[in-house]
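Each remark here refers to the structure printed beneath this line.
Derivation of every value follows stated rules applied to the coordinates shown; laboratory data play no part. These numbers were taken from a predicted model, which means no experiment stands behind them. Note: ideal-geometry Cβ built from the backbone for every residue, glycine included; neighbour counts use all protein chains shown.
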Amino acid sequence: MARQRATALLIDLDGVLRVWDPEPTAEVERAYELPAGLLEATAMRWGRLKPVLAGEVSHADWLAGVAEELAEAAGGADRARAAVAQWQQYRGEIDPQVLDLVREVRAAGLRVGLATNATDLLDADLAALKLVGEVDVVLNSSVLGEVKPSKEFFTAACQALATPPDRVLFVDDEDRMVRGARVAGLSAYRWDGPAGLRYVRAALELPAG
């Protein structure tokens, strides 16, 4: 049986609406003589990252742990803390085409939710990126205490959107997130860049652009 048309959009932040230039991180690693890739490898290791995304520790505590682990490689605790602080100054950039899509979806009368595994810094990031008010609801894993792609995360997202799962289209750049959303009953599309705009607009039955 054919699925009903989606009447709400649930969109990922990092990798879809917000994009990251790798150069600022590389600059920090060069400045502090850290091996290339070590900063993110340390910070994003799942055992260290999951607690902050689940709201079990603060963003500040997560960064303190990252700096502590990097101390030897950076040549001391002070240098490691400085490197991590400089790394954190870059907060990514908004993809204007995706933001235009979000605005178009809302203008068509459809609700839009932002679904992200994030820390307690998310509200500050959204303000700095001028995204406050650009979506109807924000689903932050560290607030929910549930990390995407758990079924509980997607259930909470659909409830926040006041939309049944089978009427929600989820867009994310990671395969495991897309699979998790489908298990939870949502339609889901793996984002691979601006080429995906046409698919999302068609799935939501927006006028061809």
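A few notes on this one:
- The phi torsions of the stretch 111-126, fed into the Karplus equation with coefficients 6.51, -1.76 and 1.60 and a -60° offset, translate into couplings of 7, 10, x, 9, 10, 9, 7, 9, 9, 6, 8, 4, 4, 5, 4, 4 Hz, rounded to whole numbers, with Gly and Pro shown as x.
- Each label point was placed 7 Å from the Cα along the Cα-to-Cβ direction; for TRP20 and ASP95 their separation is 1.5 nm.
- 3J(HN,Hα) along the stretch 14-24, derived from phi through the Karplus expression 6.51 cos²θ - 1.76 cosθ + 1.60 where θ = phi - 60°, amounts to 6, x, 10, 7, 10, 10, 10, 7, x, 5, x Hz, with x in place of Gly and Pro.
- Protection proxy ranking, highest mean first, for peptides 115-126, 55-66, 27-38: 115-126, 55-66, 27-38, where packing is the per-residue count of other beta-carbon atoms within 10 Å, averaged.
- Taken one residue at a time, the phi angles of the stretch 172-182 give Karplus couplings (6.51, -1.76, 1.60, θ = phi - 60°) of 8, 9, 10, 4, 5, 5, 4, 4, x, 5, 5 Hz. Gly and Pro are set to x.
- C-alpha long axis of helix 151-161 to longest principal axis of the chain, angle in °: 60 degrees
- Other residues lying with their Cβ under 9 Å from the Cβ of VAL16 contribute a combined charge of -4, Lys and Arg counting +1, Asp and Glu -1.
- Under 5 Å from the amide H of ALA118 lie the amide H atoms of SER141, SER142, each residue being 5 or more positions distant or on a separate chain, with H modelled from the backbone and absent for Pro and chain starts.
- With Cα atoms, 0 to 90° folded angle of helix 59-74 axis to the chain main axis: 40 degrees
- Folded to 0 to 90 degrees: helix 77-89 orientation relative to the chain principal axis, Cα: 30 degrees
- Close amide H partners of LEU10, meaning residues 5 or more places away or on another chain with modelled amide H under 5 Å apart, are GLY113, LEU169, PHE170, VAL171.
- Scattering profile of the chain at q = 0.08, 0.13 Å⁻¹ [log10 I(q)/I(0), Debye over alpha-carbon scatterers]: -0.30, -0.75
- A simple spin-label model places pseudo-atoms 7 Å from Cα toward Cβ; at ASP61 and ASP173 they are separated by 2.9 nm.
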